[in-house]
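Computed from the coordinates by the stated procedures, all read-outs in this text should not be read as laboratory data. A quick note: this is a predicted structure, and the numbers were derived from the prediction, not measured. Don't worry about glycine lacking a Cβ; one is built from the backbone with ideal geometry, like all the others, and counts go over all protein chains shown.
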């Protein structure tokens, strides 16, 4: 049973470009969470999705950020018009149920030049 | 708002000793508390979960305690090994919530 997969592992973008981060949850998991980790800071919750639905997006910046988890395919975190402050490690986690341990992917390290 | 505090100073201990890490929180008691391990450049790995009505949980060399009066959890690694060197994260979920709130982690280094 493969773990949570994220790609790309490293992503470099110039200011103003778009970044698309992908996450494939573990098989059988329908709950997906996205977190951001800035250098020297803890993991910060961004959004919680359950197949085709956004359940909680209270941690998402109001502008430029969006997330989806379609019926088929991976979950996508999309950042439009990236700025240097978006540089961080973005982690995806999945779980089989809501109040359960979360299994994390290896993360995508985004660098904005 | 809820606040989680973990000792930001690195913890250095000798191989074979017991490492004890602390997680303190403010305000309301969480529904449950989890401990994760994170190695550099990698995602967190789940270790243990303890619910608000549990006092203690064990798994092999790991032990977690949960004191809702003190608003504190302690994480113990007995017979520590250099391979236990990593950053350990405490994460809390409050009742009715959907998201984990993480502490900033404590770096543990086990020396020979």
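Among the residues of the range B:31-44, those identified as surrounded by fewer than 17 Cβ atoms within 10 Å (Cβ to Cβ) and either more than 24 Å from residue A:7 (Cα to Cα) or within 7 Å of chain A (Cβ to nearest Cβ) (or both) are B:31, B:42.
Flag: residue A:12 does not match the condition of being part of a loop (DSSP other than H, G, I, E, B) and in contact (Cβ under 8 Å) with a residue 24 or more places away in the chain. Among the conditions (1) touching a helix residue (DSSP H, G or I) at 6+ places or on another chain (Cβ under 9 Å); (2) at the interface with chain B (Cβ under 9 Å from one of its Cβ atoms), residue A:35 misses just one, which is (1). Residues that are in a strand (DSSP E or B) and more than 17 Å from residue B:106 (Cα to Cα) were ranked within the range B:45-64; the one that is farthest from the other protein chains (Cβ to nearest Cβ) is B:56.
Taking the listed residues B:24, B:12, the one that is without any contact (Cβ under 8 Å) to a residue 60 or more places away in the chain, outside any loop (DSSP other than H, G, I, E, B) and more than 24 Å from residue A:95 (Cα to Cα) is B:24, with no other qualifying.
Okay, residues lined up against (1) over 28 Å from residue B:87 (Cβ atoms); (2) exposed (fewer than 15 other Cβ atoms within 10 Å of the Cβ); (3) free of Cβ contacts under 8 Å to residues at least 60 places away in the same chain:
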residue	(1), (2), (3)
A:61	no, yes, yes
A:65	no, no, yes
A:70	yes, yes, yes
A:75	no, no, yes
A:82	no, no, no
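Summed over the range A:48-102, the residues that are outside any loop (DSSP other than H, G, I, E, B) and more than 9 Å from every other protein chain (Cβ to nearest Cβ) give a count of 20. Here is a list: B:98, B:24, B:12. Which entry is within 13 Å of another protein chain (Cβ to nearest Cβ) and over 21 Å from residue A:38 (Cα atoms)? Testing whether each residue is within 13 Å of another protein chain (Cβ to nearest Cβ) and over 21 Å from residue A:38 (Cα atoms) leaves just B:98.
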